[in-house]
């Protein structure tokens with residue numbers, strides 16, 4: 001029993017066990033290595049007081065089992081060598097350790113909570129059980145942050161459920177739906193902001209009031225100017241679009257989160273922030289850290305491998321940026337109550353002088369560079385959305401004012417319908433346009449990150465990518481760097497997936513919107529349906545705006561998918577260089593002479609730094625690593641590309657879509673010119 005507590009006490013205080021225990025009678029001896037400030041010490045600890053330690057451990061069995069113990073690494077460049085887990089280095093002296101080693105109950109608690117978390121949160125190797133789901137639900141009730149499901153998908157059942165709820169509220173029965181929602185969950189109506197003393201609840205009630213009064217006035221009162229084809233159709237379109245936007249948000253939620261939303265009151269600020277994506281747009285250190293951690297857990301990435309080493313030292317200002325990003329990431333993750341979100345130390349440091357850079361810091365710095373680079377584009381897009389929304393809302397009013405300047409609308413209720421309809425259209429297009437442009441910015445950010453990662457594995461400057469290379473090439477002759485780069489690539493590919501799924505759901509609706517506009521334009525032009533000038537302006541403006549954003553998304557997605565092939569070619573080229581080392585490497589090592597090929601010389605330099613005696617074995621292992629990463633790229637290009645409406649986006653498909661749309665517009669234009 002003393003041996004167990006000795007091991008656990010060693011793990012608690014940041015001690016790595018480097019030798020198997022040796023029994024010597026009643027006292028068991030351990031050789032334990034302590035790594036602190038890059039100094040490895042060896043000590044022997046004699047464990048006694050078995051009976052006292054056992055009693056203390058037994059009294060600790062009933063304590064809370066909710067925490068998961070992952071421990072933080074204090075410094076970026078300080079590696080901690082532990083056989084099975086990463087543990088924080090304790091800088092206390094050995095006298096303090098001796099005092100703590102007599103209190104193994106805390107260690108038993110840590111091991112109990114770790115094991116219980118693995119069985120309750122991740123459910124590895126287990127079948128689905130109702131008891132496990134209930135335990136997770138009880139745990140999440142105490143704190144919603146305890147939800148550990150990192151698998152994100154678009155759930156159509158949840159989409160239709162919340163779509164129907166909001167459609168009934170906005171278009172049919174309004175607040176009368178609130179009592180019925182209690183059957184779906186006692187807190188559902190409040191968390192959907194359908195009632196309460198807050199601005200969103202008031203806005204949604206006003207939105208319902210406008211819709212219902214417009215319908216009543218239109219069908220119950222006589223109209224001289226208002227036509228069904230414009231204002232009422234606008235009202236219906238606004239309601240449908242708003243319901244789709246809201247339902248897309250809830251469709252990406254975990255079922256356990258939906259259950260909590262239905263049963264327990266949520267924080268108002270969190271609800272509003274999540275709906276309007278305010279934190280996501282800013283890309284703060286907290287948001288970036290959370291998203292990277294989210295993807296790490298989704299892909300089961302070992303954070304100790306989430307490091308890279310550059311083949312040359314970065315420029316001074318680049319190194320300062322990376323160091324600052326690391327501090328921000330460390331601070332953001334340490335501020336969270338969840339102790340699992342800590343930056344783990346690297347586990348593959350070959351030498352103490354190795355300068356390893358954390359993937360958190362690299363990706364955060366990339367995102368910061370993109371935010372600065374894209375700030376002007378973001379401002380221009382915001383202004384464009386505002387102007388377009390204003391034009392789209394005022395088009396019917398301007399048209400009627402031009403037709404009848406003295407009395408555009410014959411009755412007071414027609415003025416009411418025109419003004420309220422314009423307000424609804426303006427507010428909707430501002431929100432919908434922001435979501436569309438935000439999705440485009442997210443795609444451009446992903447493209448920027450993946451291009452910079454492509455630069456990082458290429459020995460030469462890639463002229464095909466019109467972008468500045470902001471980091472040196474990584475050490476491509478070391479397998480752990482290839483692994484770290486591959487993990488960063490996977491994180492960049494999945495970064496922001498919950499938001500992208502929400503935007504893609506909205507784009508699916510926009511696809512029908514574009515098809516509807518095209519159909520109206522074609523049918524109106526050939527005289528099948530009647531359209532006035534205001535309707536034509538609305539249809540053409542909607543078509544141009546929506547197609548512009550859609551094609552922007554599609555082109556960006558096609559460029560992202562194109563990078564898979566480019567990265568595969570670069571890795572294959574690097575593998576060829578490594579393979580050549582088997583032919584020429586030994587010759588240049590035995591005969592002190594340099595090759596005429598600069599890349600060969602760099603490869604020999606880096607490989608011999610790590611392994612000079614087992615040169616052939618090291619090179620063969622490195623070749624195998626390249627093969628593995630090339631296979632990963634091929635797999636991702638086939639099964640994890642950017643898709644829209646379930647179709648992989650390529651420039652060939654884009655070309656076909658462009659030809660189809662151009663053909664339709666050309667036929668319409670030909671008919672217009674012929675009639676004239």
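The values are calculated or read from the model by the stated rules, or taken from the named source; none is laboratory data. None of the values given here were measured: they were computed from a predicted structure. A quick note on method: Cβ atoms are made from the backbone with ideal geometry, for glycine too, and the neighbour counts reach across all protein chains shown.
I'd like the residue in the range 283-292 that is part of a helix (DSSP H, G or I) and in contact with a helix residue (DSSP H, G or I) (Cβ under 7 Å, 6 or more places away or on another chain) and, out of all such residues, is surrounded by the most Cβ atoms within 10 Å (Cβ to Cβ). So that I can check it myself, show each step before the final result.
Within the range 283-292, the subset part of a helix (DSSP H, G or I) is 285-292.
Retained after the next criterion (residues that are in contact with a helix residue (DSSP H, G or I) (Cβ under 7 Å, 6 or more places away or on another chain)): 285-289, 292.
Working: 285: 21, 286: 17, 287: 17, 288: 23, 289: 24, 292: 26.
Once the filter is applied, the top-ranked residue is 292.
Among the residues of the range 445-461, are any out of contact with any helix residue (DSSP H, G or I) (no Cβ under 7 Å at 6 or more places or on another chain) and either outside the structural domain of residue 628 (by TED's automatic domain parsing) or not in a helix (DSSP H, G or I) (or both)?
The answer is yes; a qualifying residue exists.
Go through 188, 193, 221, 168 for me and flag whichever is on the phi > 0 side of the Ramachandran plot and in the same structural domain as residue 267 (by TED's automatic domain parsing).
On the way: 188 fails: on the phi > 0 side of the Ramachandran plot; 221 fails: on the phi > 0 side of the Ramachandran plot; 168 fails: on the phi > 0 side of the Ramachandran plot.
Unique residue meeting the criteria: 193.
Which of the residues spanning the range 301-314 are assigned to a loop (DSSP other than H, G, I, E, B) and closer than 17 Å to residue 475 by Cβ? Quick ask: steps written out before the conclusion?
Here is the first cut: in the range 301-314, the ones assigned to a loop (DSSP other than H, G, I, E, B) are 301-302, 306, 309, 311-314.
Result: 306, 309, 311, 312, 313, 314.
If you scan the range 541-550, which residues turn out to be in contact (Cβ under 8 Å) with a residue 12 or more places away in the chain and within 27 Å of the chain's Cα centre (by Cα)?
Applying the first criterion (in contact (Cβ under 8 Å) with a residue 12 or more places away in the chain) to the range 541-550 yields 541-543, 545-547, 549-550.
Within the range 541-550, 545, 546, 547, 549, 550 qualify.
Which residues, taken from the range 634-676, are farther than 22 Å from residue 515 by Cβ, at pLDDT below 80 and surrounded by 14 or more Cβ atoms within 10 Å (Cβ to Cβ)?
none
Could you please find all residues in the range 400-435 being more than 17 Å from residue 210 (Cβ to Cβ) and either at pLDDT 90 or above or touching a helix residue (DSSP H, G or I) at 6+ places or on another chain (Cβ under 7 Å) (or both)?
We begin by selecting, within the range 400-435, every residue more than 17 Å from residue 210 (Cβ to Cβ); these are 400-408, 410-411, 432-435.
Once the filter is applied, which keeps residues that are more than 17 Å from residue 210 (Cβ to Cβ) and either at pLDDT 90 or above or touching a helix residue (DSSP H, G or I) at 6+ places or on another chain (Cβ under 7 Å) (or both), the range 400-435 yields 408, 432, 433, 434, 435.
Which of the residues belonging to the range 155-183 are in a loop (DSSP other than H, G, I, E, B), touching a residue at least 12 places away in the same chain (Cβ under 8 Å) and exposed (fewer than 15 other Cβ atoms within 10 Å of the Cβ)?
Initially, the range 155-183 is screened for residues in a loop (DSSP other than H, G, I, E, B), giving 155, 182-183.
Adding the requirement that they be touching a residue at least 12 places away in the same chain (Cβ under 8 Å) leaves 155.
Residues satisfying the conditions do not exist here.
Which is within 25 Å of residue 401 (Cα to Cα), assigned by TED's automatic domain parsing to the domain that holds residue 464 and outside any loop (DSSP other than H, G, I, E, B), of 520, 531, 567, 562? If you could, list the steps in order and put the result at the bottom.
On the way: 531 fails: outside any loop (DSSP other than H, G, I, E, B); 567 fails: within 25 Å of residue 401 (Cα to Cα); 562 fails: within 25 Å of residue 401 (Cα to Cα).
Only one candidate qualifies: 520.
Which pairs do you get when a residue that is in contact (Cβ under 8 Å) with a residue 60 or more places away in the chain, found in the range 192-205, comes within reach of a residue that is crowded, with 16+ Cβ neighbours inside 10 Å and in a loop (DSSP other than H, G, I, E, B), reach meaning Cβ atoms under 6 angstrom, with the pair 6+ apart or on two chains?
200/193
Is it true that residue 402 is over 22 Å from the mean Cα position of the chain (by Cα), surrounded by fewer than 15 Cβ atoms within 10 Å (Cβ to Cβ) and closer than 30 Å to residue 564 by Cα? Can you show your working first?
Working: over 22 Å from the mean Cα position of the chain (by Cα): yes; surrounded by fewer than 15 Cβ atoms within 10 Å (Cβ to Cβ): yes; closer than 30 Å to residue 564 by Cα: no.
So residue 402 fails the test.
Could you pull out the residue among 553, 467, 488 that is touching a residue at least 12 places away in the same chain (Cβ under 8 Å), surrounded by fewer than 16 Cβ atoms within 10 Å (Cβ to Cβ) and either outside any helix (DSSP H, G or I) or assigned by TED's automatic domain parsing to the domain that holds residue 297 (or both)? It would help to see each step written out before you state the result.
Details: 553 fails: surrounded by fewer than 16 Cβ atoms within 10 Å (Cβ to Cβ); 488 fails: surrounded by fewer than 16 Cβ atoms within 10 Å (Cβ to Cβ).
Sole residue among the options that is touching a residue at least 12 places away in the same chain (Cβ under 8 Å), surrounded by fewer than 16 Cβ atoms within 10 Å (Cβ to Cβ) and either outside any helix (DSSP H, G or I) or assigned by TED's automatic domain parsing to the domain that holds residue 297 (or both): 467.
Scan the range 491-513 for residues that are buried (at least 17 other Cβ atoms within 10 Å of the Cβ) and more than 29 Å from residue 287 (Cβ to Cβ) and jot them down.
Residue satisfying the conditions is 513 alone.
Suppose the filter is assigned to a helix (DSSP H, G or I), surrounded by 14 or more Cβ atoms within 10 Å (Cβ to Cβ) and in contact with a strand residue (DSSP E or B) (Cβ under 7 Å, 6 or more places away or on another chain); does residue 275 pass it?
No.
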